[in-house]
Amino acid sequence: MTCDKLANMIKLSLLCCVFSAGCQYGPSKDQSAFVSAMLMNDDNVIFSYQNTVYKQAQGMAAFPDGGTQKYIRDRNIIGQHNIKTGKTKILLSENNRKWAHNQGHFQITHVKYPYAIAAQGGQDRELIGSLYVDWLANIETGKVTPIDTAGNLRNKGYKVVERHLADKEGTIVLIVNPLESKSDDYKDGISELWIRTSTG
């Protein structure tokens with residue numbers, strides 16, 4: 001192959017790269033959806049929602065293994081809907097900066113009007129490990145508070161195996177096992193009950 005032909009091939013490759021650089025991602029795709037919902041009383045529903053919009057890699061950006069999606073929006077939301085009035089209120093809207101994209105969704109797990117527990121977990125943004133946080137929501141006040149019961153108890157040598165919302169005052173009952181225990185279920189003689197009030 002002559003030097004001229006080689007130069008032309010390089011020019012052609014460069015032109016292809018320049019052309020594809022402007023078309024690295026496809027059109028926006030909206031993956032927003034409800035994640036969970038629970039009825040709190042006859043009038044109120046508490047729900048979680050993911051607001052996710054991304055663009056799929058294509059062209060050179062997809063080489064060699066499909067590439068990485070480009071996220072336009074990645075938010076996790078807790079909201080309340082009043083069935084009687086038809087009004088919807090956002091209690092918490094959080095930009096996803098801690099978890100890997102499309103993770104860290106809120107999951108409503110327990111309700112006892114006016115309180116609800118929402119769990120949030122998934123792979124961390126640095127892909128080093130997992131993150132887990134509980135949130136306590138009060139739909140009367142609109143206040144949503146992070147409660148790191150799992151982390152706090154881990155520092156004391158325990159792991160949480162069950163959570164229960166005990167009353168309308170926001171009291172949480174935790175069933176815990178020692179960290180060294182291989183069991184992740186309630187075991188008589190091993191498990192303990194811990195109480196957390198709504199004020200901590």
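For beta carbons closer than 8 Å, sequence separation of 6+ or different chains, a first residue in the stretch 169-181 that is surrounded by 14 or more Cβ atoms within 10 Å (Cβ to Cβ) and a second that is in a loop (DSSP other than H, G, I, E, B) and of a type in the set (Phe, Trp, Tyr), the qualifying pairs are 175/186. Tallying residues that are within 17 Å of residue 139 (Cα to Cα), of a type outside the set (Val, Ile, Thr) and out of contact with any Gly (no Cβ under 9 Å at 6 or more places or on another chain) within the stretch 161-200 yields 6. Going by what's in this entry, would residue 131 be described as among the hydrophobic types (A, V, I, L, M, F, W, C), modelled with pLDDT under 90 and part of a strand (DSSP E or B)? Considered against the rule, which asks whether it is among the hydrophobic types (A, V, I, L, M, F, W, C), modelled with pLDDT under 90 and part of a strand (DSSP E or B), residue 131 comes out as yes. Here residue 160 meets each of (1) touching a residue at least 40 places away in the same chain (Cβ under 8 Å); (2) crowded, with 18+ Cβ neighbours inside 10 Å; (3) not charged (D, E, K, R) with one exception, condition (1).
Residues in the stretch 111-127 include none that are loosely packed, with under 15 Cβ neighbours inside 10 Å, touching a helix residue (DSSP H, G or I) at 6+ places or on another chain (Cβ under 9 Å) and among the aliphatic types (A, V, I, L, M).
Suppose we filter the stretch 66-105 for residues that are surrounded by 12 or more Cβ atoms within 10 Å (Cβ to Cβ), modelled with pLDDT of 90 or more, in a loop (DSSP other than H, G, I, E, B) and over 13 Å from the mean Cα position of the chain (by Cα); how many remain? The qualifying residues number 1. Determine whether residue 108 is at pLDDT 95 or above, under 26 Å from residue 166 (Cβ atoms), of a type in the set (Val, Ile, Thr) and part of a strand (DSSP E or B). Yes: the conditions hold for residue 108.
The values are calculated or read from the model by the stated rules, or taken from the named source; none is laboratory data. It should be emphasised that the depicted structure is a prediction, and the values quoted were computed from it without experimental measurement. Every residue, glycine as well, gets a Cβ built from its backbone with ideal geometry; the counts of neighbours run over all protein chains shown.
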